[in-house]
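A.B. asks: Here it is, the structure, as structure tokens.
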Amino acid sequence: MQHFIVVGGGMIGLTAALGLRQQGHRVTLLEQGAAPTYNDTLELRVSAIAHSSRRLLQQLGVWQTLPSKRLGPYQAMEVWDHDSFGRIAFHASEANATDLGAIVENRVLEQHLWQRAAAAGVELHENASVSAQQVTAERVWVEANGQRFDGDYLLAADGGRSPLRQAAGLPLTFWDYQQRGCVAVIECSEPHGGCARQVFLPSGPVAWLPLADPHQVSLVWSADTAVAAELEALDDSAFAKQLQRVSDQCLGQLKVVSKRASFPLRMQYTQRWLQHRLLVLGDAAHTIHPLAGQGANLGFGDVSDLLKVTAEDFTQRDLREWERTRKLAAVEMISAMEAFKRGFGTAQPLAKLVRGIGLKFANSFGPLKRQLIKSALG
């Protein structure tokens, strides 16, 4: 049995802690904030949970505890290019599946993970800010709030700005997308029908993600910084009008029914995910553009592959193989997101024509469409 110290009580850190504990390891988790909680108000930050991530959460006994009224399973996806004939639509039935995934509020999933981890015997410490750390080839230790924690391995799951990663001096590749993501809960006069929708504008994609209420969706509007600033300056009514303008009336009349928030978008990729006994995973290792909603699933993949290694006796070589596997998965996803962003981020007529032809072909060519659906399922 190894002692793992996990820093970061978000979805990925908690999932790793729970999985390791269920394997019989001793696990200590340090979260700099309070234990996650939620109430009846819908959370703005959501994740699209693919089948692979859902299987992991089911195996850990967490998915089954999530309240159905806070889950938005979706059976279909529609993607189109604004002011163009290009459009593609998927349905789960085309892959003999009941759904393509589910929209989950981050905070809801985190609370249920925290509760499950506590019940499993994970040593949970909230409001614990790490002030010092040391990682050697033999042991690790961290200090938080004047208390020292010694262990065998240290997992950095402390987010995109990861203090642990920075303190370890791990090199980082990044670029700013020059965009901001605007999020809100939107009420629509037409039911969403369990369909996730996304339209590509020259300034960035707009996604409507179905929530449990058939007339509510979670909005993620990624826009160039200048456009986002204009959107942020609008009141809710004017913002809804702008959203209505780009929606192609896909959901009828739209109304903002929550607070609005925004955040900068940038790609980050940590060049080393393993340093002696320090492992970096989740957003601490990689952040990507939200246009395909795969950021959380990439992090769950980090955990799933790690648990395959730690299920039995393992060596540093095994961890190096985990690092290689996950770095490849991240690079592939980052490359795909960058290609999508660059390919759709222009209103140049020839580019729009090529995009339209490409989407129309993908929608009508069975083998390619099935491959795209398989990718969407995760």
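A.B. asks: Filter region 191-222 down to the residues that are at pLDDT below 95 and over 20 Å from Ala89 (Cα atoms), then identify the one that is most open to solvent (accessible area, probe 1.4 Å).
C.D. replies: Filtering region 191-222 for residues that are at pLDDT below 95 and over 20 Å from Ala89 (Cα atoms), the one most open to solvent (accessible area, probe 1.4 Å) comes out as Pro202.
A.B. asks: Right, next: Consider region 108-131. How many of its residues are in contact (Cβ under 8 Å) with a residue 24 or more places away in the chain and small (Gly, Ala, Ser)? Outline the logic, then answer.
C.D. replies: Just the residues of region 108-131 that are in contact (Cβ under 8 Å) with a residue 24 or more places away in the chain, to begin with: 108-117, 120-130.
Imposing the further condition that a residue be small (Gly, Ala, Ser) reduces the set to 117, 120-121, 128-129.
The total comes to 5.
A.B. asks: Does Val331 meet the test of being out of contact with any strand residue (DSSP E or B) (no Cβ under 6 Å at 6 or more places or on another chain) and surrounded by 23 or more Cβ atoms within 10 Å (Cβ to Cβ)? Quick ask: steps written out before the conclusion?
C.D. replies: Details: out of contact with any strand residue (DSSP E or B) (no Cβ under 6 Å at 6 or more places or on another chain): yes; surrounded by 23 or more Cβ atoms within 10 Å (Cβ to Cβ): no.
No: the conditions fail for Val331.
A.B. asks: May I ask you to say which residue of Thr310, Thr287, Thr270 is surrounded by 19 or more Cβ atoms within 10 Å (Cβ to Cβ), among the hydroxyl-bearing types (Ser, Thr, Tyr) and closer than 23 Å to Ala48 by Cα?
C.D. replies: On the way: Thr310 fails: closer than 23 Å to Ala48 by Cα; Thr270 fails: closer than 23 Å to Ala48 by Cα.
So the residue among Thr310, Thr287, Thr270 that is surrounded by 19 or more Cβ atoms within 10 Å (Cβ to Cβ), among the hydroxyl-bearing types (Ser, Thr, Tyr) and closer than 23 Å to Ala48 by Cα is Thr287.
A.B. asks: Can you find a residue in region 139-150 that is part of a loop (DSSP other than H, G, I, E, B) and among the acidic types (Asp, Glu)? Don't jump to the end; show me each part of the working.
C.D. replies: We begin by selecting, within region 139-150, every residue part of a loop (DSSP other than H, G, I, E, B); these are 139, 145-146.
Pick out the ones that are also among the acidic types (Asp, Glu) and you get none.
No, region 139-150 has no match at all.
A.B. asks: Oh, and also: Can you name every residue in region 290-303 that is free of Cβ contacts under 8 Å to residues at least 60 places away in the same chain and either closer than 11 Å to Ala156 by Cβ or surrounded by fewer than 24 Cβ atoms within 10 Å (Cβ to Cβ) (or both)? I'd like the intermediate steps shown before the answer.
C.D. replies: If we filter region 290-303 for residues that are free of Cβ contacts under 8 Å to residues at least 60 places away in the same chain, which is where we start, we get 292, 298.
Ala292 - this is the single residue of region 290-303 that is free of Cβ contacts under 8 Å to residues at least 60 places away in the same chain and either closer than 11 Å to Ala156 by Cβ or surrounded by fewer than 24 Cβ atoms within 10 Å (Cβ to Cβ) (or both).
A.B. asks: For region 155-202, give me the residue count where each residue is assigned to a strand (DSSP E or B) and either β-branched (Val, Ile, Thr) or closer than 30 Å to Gln242 by Cα (or both). Lay out the reasoning, then the answer.
C.D. replies: The initial filter retains those residues of region 155-202 that are assigned to a strand (DSSP E or B), namely 155-156, 172-188, 195-201.
Still in the running and either β-branched (Val, Ile, Thr) or closer than 30 Å to Gln242 by Cα (or both): 173, 175-188, 195-201.
So the answer is 22.
A.B. asks: Could you pull out the residue among Ala240, Ala207 that is part of a helix (DSSP H, G or I), in contact (Cβ under 8 Å) with a residue 24 or more places away in the chain and not acidic (Asp, Glu)?
C.D. replies: Working: Ala207 fails: part of a helix (DSSP H, G or I).
Going through Ala240, Ala207 in turn, just one is part of a helix (DSSP H, G or I), in contact (Cβ under 8 Å) with a residue 24 or more places away in the chain and not acidic (Asp, Glu): Ala240.
A.B. asks: Right, something else. Can you tell me which residue in region 67-104 is surrounded by the most Cβ atoms within 10 Å (Cβ to Cβ), limited to those that are of a type in the set (Asp, Glu) and assigned to a strand (DSSP E or B)?
C.D. replies: Taking region 67-104 as the starting set, the residues that turn out to be of a type in the set (Asp, Glu) are 78, 81, 83, 94, 99.
Subset that is assigned to a strand (DSSP E or B): 78, 81.
On the way: Glu78: 16, Asp81: 20.
This residue is Asp81.
A.B. asks: While we're looking at this one, here's another question. Does region 274-283 contain any residue that is closer than 20 Å to Glu105 by Cβ and in a helix (DSSP H, G or I)? Steps first, answer last, please.
C.D. replies: Our first condition is that a residue be closer than 20 Å to Glu105 by Cβ; within region 274-283, this holds for 282-283.
Still in the running and in a helix (DSSP H, G or I): 282-283.
Within region 274-283, one or more residues are closer than 20 Å to Glu105 by Cβ and in a helix (DSSP H, G or I).
A.B. asks: Let me ask you something else. Is at least one residue of region 133-141 among the small types (Gly, Ala, Ser) and open to solvent by less than 40 Å² (accessible area, probe 1.4 Å)?
C.D. replies: Of all residues in region 133-141, those among the small types (Gly, Ala, Ser) come to 137.
Going one step further and asking which of them are open to solvent by less than 40 Å² (accessible area, probe 1.4 Å), we end up with none.
Checked region 133-141: no residue is among the small types (Gly, Ala, Ser) and open to solvent by less than 40 Å² (accessible area, probe 1.4 Å).
A.B. asks: Of the residues Arg116, Arg161, Arg148, Arg107, which is open to solvent by 30 Å² or more (accessible area, probe 1.4 Å), basic (Lys, Arg), closer than 30 Å to Thr225 by Cα and at pLDDT 95 or above?
C.D. replies: On the way: Arg116 fails: closer than 30 Å to Thr225 by Cα; Arg161 fails: at pLDDT 95 or above; Arg148 fails: closer than 30 Å to Thr225 by Cα.
Unique residue meeting the criteria: Arg107.
The values are calculated or read from the model by the stated rules, or taken from the named source; none is laboratory data. This one's a predicted model, so the numbers in the text were calculated from it and none came from an experiment. For neighbour counting, all protein chains shown are included, and Cβ atoms are generated from backbone atoms with ideal geometry for every residue, glycine included. For the accessible areas, the whole protein counts, side chains as well, though only heavy atoms, and no ligand, DNA or RNA atoms are used. Shrake-Rupley method; radii C 1.70, N 1.55, O 1.52, S 1.80 Å.
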